[in-house]
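*Asks:* Before I ask anything, here is the structure I am working with.
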Protein chains: 2
Amino acid sequence: MNSRSEALPPNERTLTLRDERKLRTRQALLDAALTLMGQGRSLAGISLREVAREAGVVPTAFYRHFRDMDGLGLALVDDVCLTLRKLMREARVAAQGARDVAIQTSVQGFVGYVLANDRAFEFLTRERFGGRPAVRQAIAREIRYFVAELANDVRVVPPFAAMPSDDLEMIADLVVHTVLNLSADLLELPSGQRVREHELTARTIKQLRLIFLGAAQWRSDRGAVPLGPI
Amino acid sequence: MNSRSEALPPNERTLTLRDERKLRTRQALLDAALTLMGQGRSLAGISLREVAREAGVVPTAFYRHFRDMDGLGLALVDDVCLTLRKLMREARVAAQGARDVAIQTSVQGFVGYVLANDRAFEFLTRERFGGRPAVRQAIAREIRYFVAELANDVRVVPPFAAMPSDDLEMIADLVVHTVLNLSADLLELPSGQRVREHELTARTIKQLRLIFLGAAQWRSDRGAVPLGPI
DNA sequence: CTTCTGAGTGCACGCATGTACACTCATGTA
DNA sequence: TACATGAGTGTACATGCGTGCACTCAGAAG
């Protein structure tokens, strides 16, 4: 398998022509599913046959790539999140260059990114709670990953340095979910509602400023939560 | 229609026996849908026939109550949110009696409420983003209602008095979504995970404390968000 | 050049679904 | 008491579904 190893650019030529075509069909199926989820449909409401039809392939060919629609869903999470991580990493590197990445700049960048990749975010938003358990868990894991990474990133900046890891994660969690909330609201807009879009963005920016204001005042020892009646 | 008006307890006897039975069947259908949504299924993955079967009624009887599954979904939102509003109002009245409702007490009360009404909250969580557009919009409206009501409620307490309405709503929005986030996380637990349950609750309590800490420092004029490139 | 592999095809099947229609018969109305 | 209503029934049908199986025939392997 996977030969044709004539020492060419290895990213291109570790794959045979056949495998390349297979990957293309696979991508067509993933794409088809994403397309069909436009107009507010969820994976649960899309049939295997529909996906195959949209991808221009006979229904039984589906099985060469995925066990069933659940498998397609999981692959979609992987596929979408891989791209997402990569781009987030790039954004992070760019941010290290320009010190003092203001909240506003970051959020506006994020908004642009969400709107540019609306199909991916629509999928994640829709299936995050509405999807089958396996898909939900996969998305939850990705979000936990982002939270942990954000917690690590802000560990070096003033108010967060020397803060207990627990509290850092708690704040990162709050930030991530506030931003995800913005993303969900944006996707609900009928597209092209620039004014409302800006209102939502402004609201989120304020919310993040408020959170950082709170973080600056935060003292872990005052925030302890007693067990109460378990 | 709706006679038998022999001046009895009007809550009971403005309905004929027939209408009463019809209502009972209707409720059975709503209940059946809620039941079938256990184990992580969404409305989109449940058939009209299944609901009828679970309710102990022939499929075509469904149409006497709802136009289709979308109609059932909308009715479910109304039904569930009506109960919810009523109980929230009671909680609010109770809170007015005991001044200084600590964050901790409120959140723990909310957690108990979510776990006691898990089917209702599971439905709302699942369909909030994952549902058909009409259902999503109905739920979004209910959430906006809660946000507005919370904003009104806290208007009288120290840090929030004399704060612009915009900022108040922005904070209420942050609080409500933080709490909804807790609710979603709780429902994802396999039930009976009391330790993890307490961890999640503690995290949310901390997040709310941090938010109120930020709110105490908040100055509207410093939080203005310039338009930027529209 | 020959042989083998496996991605995509075409057909067939049984099954569940949404909904139309004509029905029954308990209950409300007069 | 006699009639009208309408909630729930039972039958029927076309449609779309998931999936099994035998197939073709590029293209990889030797």
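The values are calculated or read from the model by the stated rules, or taken from the named source; none is laboratory data. Everything numeric in this text was worked out from a predicted model, so none of it was measured. Glycine also receives a Cβ, built like all others from the backbone with ideal geometry; neighbour counts cover every protein chain displayed. Areas reflect the complete protein model, heavy atoms only, side chains present, ligands, DNA and RNA absent. Shrake-Rupley method; radii C 1.70, N 1.55, O 1.52, S 1.80 Å.
*Asks:* With B:Ile211, B:Ile171, B:Ile205 as the choices, which residue is open to solvent by less than 40 Å² (accessible area, probe 1.4 Å) and either within 12 Å of B:Phe110 (Cβ to Cβ) or part of a loop (DSSP other than H, G, I, E, B) (or both)?
*Replies:* When all the criteria are applied, what remains is B:Ile205.
*Asks:* Say whether the condition of being open to solvent by less than 30 Å² (accessible area, probe 1.4 Å) and under 30 Å from A:Phe123 (Cα atoms) is met by at least one residue in segment B:155-167.
*Replies:* No, segment B:155-167 has no match at all.
*Asks:* So, of the residues in segment A:29-61 that are small (Gly, Ala, Ser) and in contact with a Gly (Cβ under 7 Å, 6 or more places away or on another chain), which turns out to be nearest to DNA strand D (Cβ to nearest atom)?
*Replies:* A:Ala44
Conditions tested, residue by residue: (1) among the hydrophobic types (A, V, I, L, M, F, W, C); (2) over 21 Å from the mean Cα position of the chain (by Cα).
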{"site": "A:Asp173", "(1), (2)": "no, no"}
{"site": "A:His177", "(1), (2)": "no, no"}
{"site": "A:Leu180", "(1), (2)": "yes, no"}
{"site": "A:Leu187", "(1), (2)": "yes, no"}
{"site": "A:Gly192", "(1), (2)": "no, yes"}
{"site": "A:Thr201", "(1), (2)": "no, no"}
{"site": "A:Leu213", "(1), (2)": "yes, yes"}
{"site": "A:Gln217", "(1), (2)": "no, yes"}
{"site": "A:Ser220", "(1), (2)": "no, yes"}
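*Asks:* Surrounded by 15 or more Cβ atoms within 10 Å (Cβ to Cβ), more than 14 Å from chain A (Cβ to nearest Cβ), among the small types (Gly, Ala, Ser) and in a helix (DSSP H, G or I): does that describe B:Ala140? So that I can check it myself, show each step before the final result.
*Replies:* Values: surrounded by 15 or more Cβ atoms within 10 Å (Cβ to Cβ): yes; more than 14 Å from chain A (Cβ to nearest Cβ): no; among the small types (Gly, Ala, Ser): yes; in a helix (DSSP H, G or I): yes.
Judged against the criteria, B:Ala140 is not a match.
*Asks:* Condition first: closer than 22 Å to B:Glu188 by Cβ and β-branched (Val, Ile, Thr). Can you find one or more residues in segment B:28-51 that meet it?
*Replies:* Yes, segment B:28-51 contains a residue that is closer than 22 Å to B:Glu188 by Cβ and β-branched (Val, Ile, Thr).
*Asks:* From A:Ala52, A:Ala75, A:Ala102, grab the single residue that is small (Gly, Ala, Ser) and touching a Pro at 6+ places or on another chain (Cβ under 8 Å). Walk me through it before giving the result.
*Replies:* Details: A:Ala75 fails: touching a Pro at 6+ places or on another chain (Cβ under 8 Å); A:Ala102 fails: touching a Pro at 6+ places or on another chain (Cβ under 8 Å).
On inspection, the qualifying residue turns out to be A:Ala52.
*Asks:* State all residues of segment A:180-202 that are of a type in the set (A, V, I, L, M, F, W, C) and open to solvent by less than 30 Å² (accessible area, probe 1.4 Å); if no residue qualifies, say none.
*Replies:* A:Leu182, A:Ala184, A:Leu186, A:Leu200, A:Ala202
*Asks:* If you don't mind, another one. Give me the pairs: first residue in segment A:195-206 and facing chain B (nearest Cβ under 7 Å), second residue assigned to a helix (DSSP H, G or I), beta-carbon distance under 6 Å, and six or more apart or on different chains, which are they?
*Replies:* Sorted first by the residue in segment A:195-206, then by its partner, the pairs are A:Arg203/B:Met170; A:Ile205/A:Ile103; A:Ile205/A:Gln104; A:Ile205/A:Val107; A:Lys206/B:Met170; A:Lys206/B:Gly223.
*Asks:* So which residues in segment B:62-86 are surrounded by 13 or more Cβ atoms within 10 Å (Cβ to Cβ) and near DNA strand D (Cβ under 9 Å from one of its atoms)?
*Replies:* Once the filter is applied, which keeps residues that are surrounded by 13 or more Cβ atoms within 10 Å (Cβ to Cβ) and near DNA strand D (Cβ under 9 Å from one of its atoms), segment B:62-86 yields B:Phe62, B:His65.
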